[in-house]
Amino acid sequence: MATTVAELLIDRLIEWQVDTIFGFPGDGINGIFEALRTRQEKIKFIQVRHEEAAAFAACGYAKFTGRLGVCMATSGPGGIHLLNGLYDAKCDGQPVLAITGHTFHDLIGTQYQQDVDLTKLFMDVSVYNERITGPAHVHNALDEAIRTAKSRRGVSHLCIPKDIQDWSTSDVPRSKGNPRGHSREGVAPAATVPNQADLRAAADIINKGKKVALLVGRGAMHCRKQILELAEKAGAPVAKALLGKAVLPDDSPYTTGGLGLLGTAPSQDVMRGCDTLVIVGSNFPYIEFYPKPGQDKCVQIDIDPSRIGLRHPVELGLVGDCISVLEGLLPMIDRKQDRSFLESAQKAMKGWNELLEGRAKRTDKPLKPQVVTHALNRFLAPDAVIACDCGTVTTWAARYIKMRDEMLFSASGLLATMGNGVPYAVGAAVAYPGRQVVAVVGDGGLTMMLGEIATLVKHKLPVKVIVIKNNTLGQIKWEQMVFEGNPEFGVDLQPIDFAAYARACGADGYTVDDPAQVEEVLGKAFAHPGPALVEAVVDANEPAMPGHATLDQAWQFAKSLVRGEKYSKEIIRNVLEDKVREIL
């Protein structure tokens with residue numbers, strides 16, 4: 001029977017059906033670790049090599065499962081290390097619980113070792129943030145932390161001083177105002193459903209539209225059937241925000257693929273041409289890619305009322321779970337006889353896919369990055385989970401990896417942080433044992449979390465890591481050139497032999513730099529039963545340009561070449577070979 005604060009904590013997590021904690025040990029949480037050690041048959045501890053990876057893994061776990069992700073770190077520096085991964089969860093609305101230690105309760109604020117007030121530090125990142133004060137406080141605070149994280153889709157934080165972790169129920173009396181058993185585990189489902197009048201008004205807007213478009217995001221992940229029905233009835237092409245990449249298969253006749261800098265030209269054309277826009281579960285941040293204000297009538301569906309009208313003027317907002325709202329809306333939608341807007345988008349998408357197919361089959365050297373991500377499709381299972389890092393690698397993954405069947409995909413969305421790819425894959429592989437998990441990362445992002453290759457080996461997680469290695473911080477390089485008109489500076493990376501590193505950790509490691517050998521090398525990696533890494537050495541001067549480059553981008557790009565970009569000849573050659581005429 002639980003007697004200490006630490007035991008009460010772990011037993012309550014088990015009652016909440018938490019089965020995994022990602023973290024890193026330290027003396028500030030030794031009491032909690034003892035409680036974990038004696039309950040290993042009921043709850044797993046996944047040791048990572050850096051606390052930031054623990055928070056990323058918890059966020060990835062939450063994203064790919066819809067369940068609460070839990071991470072843990074010691075006092076002071078350990079807790080500080082969690083923050084980047086926790087901000088990733090905050091920005092993308094994921095339920096994550098962070099548990100941290102603290103110094104002795106009666107030495108807090110006396111400049112003792114590792115005395116960092118983590119409850120103050122975590123104020124901005126968390127929706128619930130509390131320090132545990134004794135045994136009778138544990139259930140109340142933990143229940144509230146989990147309920148709040150799940151209902152408000154954010155980060156909760158509990159901080160427990162190291163000596164309090166060992167206090168027993170007999171050490172501190174329970175207050176009269178806190179009767180035993182008054183707090184129970186469980187979260188009531190949200191019951192927000194728009195009224196019939198609002199549904200009817202929204203349907204009227206959609207029915208009157210002649211050129212209807214849909215923009216779907218992560219909030220529509222479980223609405224594939226409803227999105228397809230709405231697209232069919234409204235004759236509407238569907239653009240996908242990055243976190244909504246798996247909402248529809250990429251071979252669906254209704255989707256024009258991604259939107260934004262990583263997206264497609266047809267999706268941009270759809271936004272430019274529509275007179276009615278329906279936004280479903282998306283907080284897509286780049287306002288310049290929406291229709292111009294006044295161009296369209298907009299209906300937005302979102303579970304969070306604060307997001308209605310945040311990015312684009314909205315005629316009518318429908319607040320609620322996207323499936324429930326769409327189920328109420330669909331019977332009121334008339335099937336449009338005029339399919340010309342959809343057919344135009346389909347024709348443009350056919351041309352776009354042919355263009356990408358041609359670029360993906362280039363056989364020249366240096367190896368082009370899109371050749372690798374395109375070839376990857378051959379080896380992906382119908383239910384593969386894809387974890388993507390941030391950088392130019394995101395462009396190659398977003399454009400060339402094709403979602404199908406029950407595949408899942410995620411990246412760091414609003415925070416757009418580097419380093420999330422492999423930790424996300426750790427979270428996914430723990431959540432779905434036996435399911436194929438692939439991390440697509442750049443060399444810059446991988447280096448930040450390089451120790452997590454050892455985590456894959458330690459926990460026997462058969463993740464396949466595909467490293468697009470160009471020895472440069474590619475996204476920053478192109479931003480310097482295309483957005484600022486400056487030659488690249490400070491972006492070159494010291495080369496690392498990642499394949500040799502993977503082998504040193506105990507994983508399989510492969511290198512490929514010849515387009516003729518890409519499929520063979522990928523095949524070997526995917527045939528290996530354990531974790532494996534493929535280092536694809538690619539052309540650093542292959543530009544990851546927007547689907548439509550603007551005149552200003554063209555000017556800034558040309559200016560950077562004239563001002564002394566050291567690889568200008570190689571870049572111009574690649575641009576010409578890719579026939580991206582609009583930037584010259």
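A few points about this structure:
- Distant-in-sequence amide H partners of Thr3 (H built 1.01 Å from N, under 5 Å): Leu8
- Equivalent ellipsoid, region 237-372 (semi-axes from 5 times Cα gyration tensor eigenvalues, Å): 30, 17, 14
- Accessible carbon and sulfur surface of the chain relative to its total accessible area, %, 1.4 Å: 53
- Going by accessible surface with a 1.4 Å probe and the largest first, Arg39, Arg218 read Arg218, Arg39.
- Restricting region 274-318 to trypsin sites (Lys or Arg not before Pro) that sit in a DSSP loop and have at most 11 other Cβ atoms within 10 Å of their own Cβ leaves nothing.
- Extension gain, Leu414 back to Glu327 (0.36 nm per residue minus Cα-Cα distance, nm): 28.5 nm
- With all protein chains kept in place, the per residue accessible area of region 185-240 amounts to 45 square angstrom at a probe of 1.4 angstrom.
- Over region 206-263, the hull volume per residue, using the convex hull of the C-alpha atoms, is 75 Å³.
- Where region 1-77 is the region considered: accessible area per residue in Å², 1.4 Å probe: 35
- A simple count of charges around Ala502, restricted to other residues whose Cβ falls under 10 Å of its Cβ and scoring Lys, Arg +1 and Asp, Glu -1, yields -2.
- Shape summary: the chain maps onto an equivalent ellipsoid whose semi-axes, from the alpha-carbon gyration tensor, are 42, 32, 21 Å in decreasing order.
- All-pairs alpha carbon distance profile, region 200-314, 10 Å steps from 0, percent: 16, 54, 30, 1
- Rule-of-thumb Rg ratio for region 71-191 [Cα; 2.2 N^0.38 Å; N residues]: 1.10
- Cα gyration tensor shape for region 360-416, rounded if a/c is under 1.5, else prolate or oblate: oblate
- Mean separation of Cα contacts under 8 Å (6+ apart) over length of the chain, as relative contact order %: 12
- Within the chain, helix-based [θ] at 222 nm, where runs of 4 or more DSSP H residues each add -39,500 (n - 2.57), nearest 500: -11500 deg cm²/dmol
- Rounded to the nearest 20 debye, the dipole size of the chain about its Cα centre is 1100 debye, using +1 on the Cβ of Lys and Arg and -1 on the Cβ of Asp and Glu.
- Stokes-Einstein translational diffusion, region 16-106 - Kirkwood Rh over all Cα pairs, 1.306 mPa s, 10 °C, in µm²/s: 122
- Computed lengthening from Glu15 to Asp117, 0.36 nm per intervening residue step minus Cα-Cα distance: 33.8 nm
- Counting only heavy atoms of the protein chains and using a 1.4 Å probe, Asp124 has close to 90 Å² of accessible surface.
- Measuring r between the beta carbons of Ala527 and Asp405 and using R0 = 30 Å, the FRET efficiency lands at 0.90.
- Region 140-170 and region 35-81 have Cα centres spaced 14 Å apart.
- Most positive-pole-ward Cα, Leu326, Gln370, Ala136, against dipole of the chain from beta carbon charges: Leu326
- Grouping the Cα pair distances of region 459-527 into 10 Å bins from zero gives a pair-distance distribution of 17, 36, 27, 17, 2 percent in increasing distance order.
- The angle between the Cα long axis of helix 568-578 and the main principal axis of the chain comes to about 70°, on a 0 to 90 degree scale.
- Over region 150-229, the ratio between the Cα radius of gyration and 2.2 N^0.38 Å evaluates to 2.07.
- Rounded tilt (10° steps) of 196-208 against the dominant C-alpha axis of the chain: 20
- The solvent-accessible area of Cys390, taken with every protein chain present and a 1.4 Å probe, is close to 20 Å².
- Positive dipole terminus of the chain, leading residue within Leu199, Ile108, Ser340 (C-beta point charges): Ser340
- Degrees separating the helix 518-527 axis from the principal Cα axis of the chain, which is the longest one: 30
- Whole-number percent relative contact order across region 1-110, with pairs defined as alpha carbons under 8 Å at least 6 apart: 27
- Mean separation of Cα pairs under 8 Å and 6 or more residues apart, divided by the residue count, gives region 40-171 a relative contact order of 25 percent.
- Net charge of neighbours whose Cβ lies under 9 Å from the Cβ of Glu7, counting Lys and Arg as +1 and Asp and Glu as -1: -1
- Note that region 398-466, at 4 °C in a medium of 1.567 mPa s, gets a Stokes-Einstein diffusion coefficient of 102 µm²/s from its Kirkwood radius over C-alpha pairs.
- Efficiency of FRET from Cβ geometry, Lys458 and Thr192, R₀ 35 Å, rounded to 0.05: 0.20
- Available extension along the chain between Asp251 and Lys208 is 12.7 nm, counting 0.36 nm per residue and deducting the alpha carbon span.
The values are calculated or read from the model by the stated rules, or taken from the named source; none is laboratory data. No experiment lies behind these values; they were computed from the predicted model shown. Here the Cβ is made from the backbone with ideal geometry for all residues, glycine too, and neighbour counts use every protein chain on show. In case anyone asks, the SASA skips ligands and DNA or RNA and just uses the protein heavy atoms, side chains included. Shrake-Rupley method; radii C 1.70, N 1.55, O 1.52, S 1.80 Å.
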